[in-house]
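To start, the structure under review is shown below, and the notes come after it.
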There are 2 protein chains.
Amino acid sequence: MQVVILCGGSGTRLWPISRTLYPKQFVKLFENESLYQKTIKRNLSFAKSFSVVINQEQYFMGLDQLDELKAPKSQFILEPVGRNTAPAIAMAAFASKPDDILLIVPSDHLIENQSAYEDAVKKAQELASQDKLVTFGIKPNYAETGYGYIEANGLEVKSFKEKPDAATAEKYVKAGNYFWNSGMFCFKAKVFLEELKAYAPDVYEQSHKTFTHARVDQSAIRLVKEDMVAIRSESIDYAVMEKSKKVNVVPADIGWSDLGSFDSLYETLPKDENGNTLSKNTIHLGSKNNLVISDDRLISTIDVEDLMIVDTRDAIVIAKKGSTQKVKDLVAEVKKHNVEMTNVHTTAHRPWGTYTILEENPGYKVKQITVRPGAKLSLQYHHHRSEHWIVVSGVATVTIDDKTFDLKQNESCYIPKEATHRLYNQQKVDLVLIEAQVGTYLGEDDIVRLQDDYKRN
Amino acid sequence: MQVVILCGGSGTRLWPISRTLYPKQFVKLFENESLYQKTIKRNLSFAKSFSVVINQEQYFMGLDQLDELKAPKSQFILEPVGRNTAPAIAMAAFASKPDDILLIVPSDHLIENQSAYEDAVKKAQELASQDKLVTFGIKPNYAETGYGYIEANGLEVKSFKEKPDAATAEKYVKAGNYFWNSGMFCFKAKVFLEELKAYAPDVYEQSHKTFTHARVDQSAIRLVKEDMVAIRSESIDYAVMEKSKKVNVVPADIGWSDLGSFDSLYETLPKDENGNTLSKNTIHLGSKNNLVISDDRLISTIDVEDLMIVDTRDAIVIAKKGSTQKVKDLVAEVKKHNVEMTNVHTTAHRPWGTYTILEENPGYKVKQITVRPGAKLSLQYHHHRSEHWIVVSGVATVTIDDKTFDLKQNESCYIPKEATHRLYNQQKVDLVLIEAQVGTYLGEDDIVRLQDDYKRN
């Protein structure tokens, strides 16, 4: 079976730990594992291979986290813009053989009962081999009003229901034949594409055109922006599942959570005897039932209860338990003042490693830069800033204009404005350096890339 | 009148904004003014001059904040260790003429009714001129159990009362002739010293010995540690006021607060229409009646009420309103793990300016250093670390071994381990530089001072 992992999450519901360019699925929430990595591990036993449909900005993060798991080599399909799930799945289907059975899974859900999950997948696979479009219906354990429901009659789907009000949700849960629409699917590539062509022909056509125009290399299928933006944005539910006559539902009681809010995250994390989540750098005095997510700062609480305290280097949110659906309103508010804070952390991930902004002031900026073994930044120059590099760990191979030299621990160099330069870690250990930028304009977009290993130029 | 300002606060009750080396009275809590500065301004109109009794570590902070106000030149008495109020006041009395009237005021209280304060001081001065020891009794506006009370009979003091229980405090407030013991006093220098000699002769003798051994220079009276530690630690209340027959009390209804907790700070700060304190970098959604003190991080709240949220660069405290007396327990807990965090901020004040630790890791540390115009660091060297300096603003005059040169904006230099070096700002504007330290040991105590303008060697 071909496992298709959808990485399209937007990163606003768990802000500030998730950001647009570092969405929920890549945050290492669980014992240093991300939901994306958990998704891969969950499917390792029966996946012939993986297709990862991912925003091109997150490609290297997806690749890195896959490498950490020593998972089998996977196919990456890079979206320049998101167009919802129908086009994303179509791309994976176009990239497969017509009779391949695809298991479509979001990358940002948690499933706690592995054996029940495997049983459900087995059932779905069987139905898919009979040319069914299978959706997984999660047995609801409370009357959630934030999800769509599937009304089932045995394996048949009677209807899809929009997010209900509280009373209706109550009725659904009591009835026993209503299930949460989980966003997981299983079908043959050709069956999905036939049904997409039948019920959403425009989406099919433009997706097909986009796929055939893609630039394909050894590592990835790169969709072209001009094509992709012309696809109508549509979910698989609206485009196909709610219309097709071939839909089956497999009920699944698998310990599923979409971690759609800090409230649901609180439920899944381990807690101490006072109901506070376990977290380093935390002191609680008389406090109970709090979610605390801390970075490197010390967080102390005194006599507080039922709070969600989420700390990052540049932003902290303190919310009442039960109110965390409002985080999206908060993000909208933050965007008005500081778009960057909703997009990136002070630590940003790059194909070659990471950088952290230590200090930013008019006229200068200080970064800590970590370059992975073997990684090379682009050959570049800046119009408005000069840079100082001080190696604090490892060895840097530095090119400045026509000179290349090694810079060892405790050595420094200066890169004048307009000088062409490159940073390369040829060693077997991380290179860490402190960069002080001085200039009148210090935006990340003041960069001219002359050559780049990661095709960003 | 000679106004004596006592700066002995310990800095734990408003942790983490106050720290042992940056106590409450120096924190700029009010429109960029500290309580210490407010204390000076409050007394400007009738002070002949100021005596500031201060821990020697805080001398330059006290001097700087005085300079900012363009207050008259003052006498500083530097304590190497604290010995409570009786010895501190004795030092100020020894430094005065016998008939000088001293007004003794703590540096960390808030007084909101200036004209009532001036009236009370006038009355006290009159009584002091008649050889009375005057204490100021604050008219209680609620049954506080955390203060001592004075039972008055007209101007006479009938008795001093320890901190009462709630019922007793209630009785005191109803009775009308009980007042909070404010820690403010007024008397002739010689009257105080006579009474101290009579009722606490050991404190008097050792204080006198300490004073006569002090090293006096143009700027300050520097008490010697060996003498000072031999003084018995004692408050003026126990040593003199509770025993002397010359005590009078001046009732004062002056809008007094000792800001002994975040709860009392909340009461005094300006608030928005939802009862949240006004604070930069804050977004409230549906939240009410919260104290928020923020540094440079964005603090957001959702639907929370009655919280005290106090954020600094390395620590944040979230406490329930009414529970902030427990901050001292919290500080004791923090001390077990990280003493430094209770002593200093990541931004530390030095006689020559400030430094902020931007990043600290095994093997290296990054600081931003600001040197004031005309200021000069000590001539020094380090055994275990080398340093890189990058000037990002201003001009540094740098000495390394036998060379001295100017380092301009966007220039850098390297100071090898063991090299004697010095940093000097000869200009009219702040010098800002980024320092990267590399070494196996990076503690602040790896410093050998060969020459120092501030007599720290």
**Item:** A:Leu269 being of a type in the set (A, V, I, L, M, F, W, C), modelled with pLDDT under 95 and surrounded by fewer than 20 Cβ atoms within 10 Å (Cβ to Cβ)
**Value:** yes
**Prompt:** Of these, B:Ile104, B:Ile77, which one is more than 17 Å from B:Ser235 (Cβ to Cβ), among the aliphatic types (A, V, I, L, M) and part of a strand (DSSP E or B)?
**Reply:** B:Ile77
**Complete:** The correct count of residues that are away from every other protein chain (no Cβ under 13 Å) and assigned to a loop (DSSP other than H, G, I, E, B) in region A:268-278 is 7
**Request:** Could you please let me know if B:Val250 is among the β-branched types (Val, Ile, Thr), more than 17 Å from B:Glu144 (Cβ to Cβ) and in a helix (DSSP H, G or I)?
**Result:** no
**Message:** Looking only at region A:18-59, how many residues end up being among the hydrophobic types (A, V, I, L, M, F, W, C) and out of contact with any strand residue (DSSP E or B) (no Cβ under 7 Å at 6 or more places or on another chain)?
**Reply:** 7
**Request:** Within region B:339-369, count every residue that is more than 11 Å from chain A (Cβ to nearest Cβ) and touching a residue at least 12 places away in the same chain (Cβ under 8 Å).
**Result:** 13
**Item:** Restricting region B:172-191 to residues that are among the small types (Gly, Ala, Ser) and in contact with a strand residue (DSSP E or B) (Cβ under 6 Å, 6 or more places away or on another chain), the residue that is nearest to B:Met241 (Cα to Cα)
**Value:** B:Gly183
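Residues checked against (1) touching a Leu at 6+ places or on another chain (Cβ under 8 Å); (2) at pLDDT below 95:
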residue: B:Ala71; (1), (2): yes, yes
residue: B:Glu79; (1), (2): yes, no
residue: B:Pro87; (1), (2): no, no
residue: B:Ala92; (1), (2): yes, no
residue: B:Lys97; (1), (2): no, no
residue: B:Ile101; (1), (2): no, no
residue: B:Ile104; (1), (2): yes, no
residue: B:Asp108; (1), (2): yes, yes
residue: B:Ile111; (1), (2): no, no
**Prompt:** Of all residues in region B:397-416, which are part of a loop (DSSP other than H, G, I, E, B) and surrounded by fewer than 16 Cβ atoms within 10 Å (Cβ to Cβ)?
**Reply:** B:Asp401, B:Asp402, B:Lys408, B:Pro416
**Message:** For region B:192-228, which positions are among the basic types (Lys, Arg) and not in a helix (DSSP H, G or I)?
**Reply:** B:Arg215, B:Arg222
**Message:** For region B:122-181: of the residues being of a type in the set (Asp, Glu) and in contact (Cβ under 8 Å) with a residue 24 or more places away in the chain, which is farthest from B:Gln2 (Cα to Cα)?
**Reply:** B:Glu170
**Message:** Checking the condition under 19 Å from A:Thr356 (Cβ atoms) and away from every other protein chain (no Cβ under 14 Å), which residue from A:Ile447, A:Ile434, A:Ile400, A:Ile390 passes?
**Reply:** A:Ile447
**Fill in**
Filtering region B:285-336 for residues that are facing chain A (nearest Cβ under 8 Å) and in a helix (DSSP H, G or I) leaves a count of 7
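The values are calculated or read from the model by the stated rules, or taken from the named source; none is laboratory data. Note that the structure is a prediction, hence the values are computed from the model and not measured. Using ideal geometry, Cβ is built from the backbone for each residue, glycine included, and neighbour counts are taken over all protein chains shown.
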